[in-house]
1. Quick check on my filter: what residues within the stretch 201-249 are touching a Ser or Thr at 6+ places or on another chain (Cβ under 8 Å), small (Gly, Ala, Ser) and on the phi > 0 side of the Ramachandran plot?
2. Kindly establish whether Ile222 is buried (at least 16 other Cβ atoms within 10 Å of the Cβ), in contact with a Pro (Cβ under 6 Å, 6 or more places away or on another chain) and without any contact (Cβ under 8 Å) to a residue 60 or more places away in the chain.
3. Under the condition of being touching a helix residue (DSSP H, G or I) at 6+ places or on another chain (Cβ under 7 Å) and aromatic (Phe, Trp, Tyr), which residue from the stretch 41-90 is surrounded by the most Cβ atoms within 10 Å (Cβ to Cβ)?
4. Kindly list the number of the only condition in (1) farther than 16 Å from Ser118 by Cα; (2) part of a strand (DSSP E or B) that fails for Met249.
5. So, in the stretch 4-40, of the ones that are touching a residue at least 60 places away in the same chain (Cβ under 8 Å) and part of a helix (DSSP H, G or I), which residue ends up surrounded by the most Cβ atoms within 10 Å (Cβ to Cβ)?
6. Within the stretch 188-201, identify whether any single residue is surrounded by 21 or more Cβ atoms within 10 Å (Cβ to Cβ) and under 24 Å from Asp240 (Cα atoms), and answer yes or no.
7. Looking at the stretch 173-184, can you tell me whether even one residue there is farther than 20 Å from Phe15 by Cβ, out of contact with any strand residue (DSSP E or B) (no Cβ under 8 Å at 6 or more places or on another chain) and touching a residue at least 12 places away in the same chain (Cβ under 8 Å)?
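The values are calculated or read from the model by the stated rules, or taken from the named source; none is laboratory data. As the structure is a prediction and not an experimental result, all values here were calculated from the model. Every residue, glycine among them, receives a Cβ derived from its backbone with ideal geometry; neighbour counts consider all protein chains shown. In case anyone asks, the SASA skips ligands and DNA or RNA and just uses the protein heavy atoms, side chains included. Shrake-Rupley method; radii C 1.70, N 1.55, O 1.52, S 1.80 Å.
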Amino acid sequence: MNIQFSKYQGTQNDFVIIDNRGGDIKLFTDQIQFLCDRRKGVGADGLMLLGNADGYDFSMTYYNADGKEGTMCGNGGRCLTQYAFDKGIKKDIYTFIAIDGPHESKIDQNGWVHLKMSDVKAVEKNIEGDVTFFVLDTGSPHYVEMVDNVNSVDVVALGQMIRYNERFKQVGINVNFVAQEENQLFVRTYERGVENETFSCGTGVTASALVAGIDKLGAQTISIETLGGKLAVSFNNRGDNAFDNIWLMGPGTFVFNGSLDI
């Protein structure tokens, strides 16, 4: 089977994207693994299918690099919005359906893609010894730990240890280490399904921003630096660990088109 695909990246969180509005593309786990493999295939953190859905501009189906269907991917949703625009779906405000429910998105005059995330209704605070961490779901489950210097953290080793510990190993969790740096956060993330550190994680920076703003009520916008570049998250803190009107903002960049026999 010959696959026509596009490669996009959002702050170097990269994706293979396939237009499946015809509904005729069915990929097996090993085929997705092959396409995402950086040595044997195209190379990506994940793969997305653009589909049709009644009542929406498009649907989003997301697979992790391990070939398994994943939960919501924030940077993926932004890149898929840009892909839809590039494919001729032109809207001021997009509505699409993903695994965690409906989303809105838009592209601003500077080329940044804004993605409305699902509301967050609970944030769990934990203290274990001298470590304080938070657990919340921003479309995908996240562990967030504030640290003094994120560059001194062995993200892969510690992230893997937390992701596979007794509490989280059954369903897995994404692990974020976050440092406050003047007027922004610096976030590094170990992603389940990729099983490595990625250059950026949209749901991870969203979770990190909400944790950073948990003690201040009302509307906030937080700038974020990742290894792959700059993002921003705006939200409304309603109190009692509940957040709404959450928007993830950043670039969604076309890389190249290609075709491959699989």
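1. Passing the criteria: only Gly229.
2. no
3. The residue in question is Tyr63.
4. (1)
5. Per the criteria, the residue is Leu35.
6. Checked the stretch 188-201: no residue is surrounded by 21 or more Cβ atoms within 10 Å (Cβ to Cβ) and under 24 Å from Asp240 (Cα atoms).
7. There is no residue in the stretch 173-184 that is farther than 20 Å from Phe15 by Cβ, out of contact with any strand residue (DSSP E or B) (no Cβ under 8 Å at 6 or more places or on another chain) and touching a residue at least 12 places away in the same chain (Cβ under 8 Å).
Quick grid of which residues meet (1) of a type in the set (Asp, Glu); (2) modelled with pLDDT of 95 or more:
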site: Phe58; (1), (2): no, yes
site: Ala65; (1), (2): no, yes
site: Glu69; (1), (2): yes, yes
site: Arg78; (1), (2): no, yes
site: Ala84; (1), (2): no, yes
site: Pro102; (1), (2): no, yes
site: His114; (1), (2): no, yes
site: Asp130; (1), (2): yes, no
site: Val135; (1), (2): no, yes
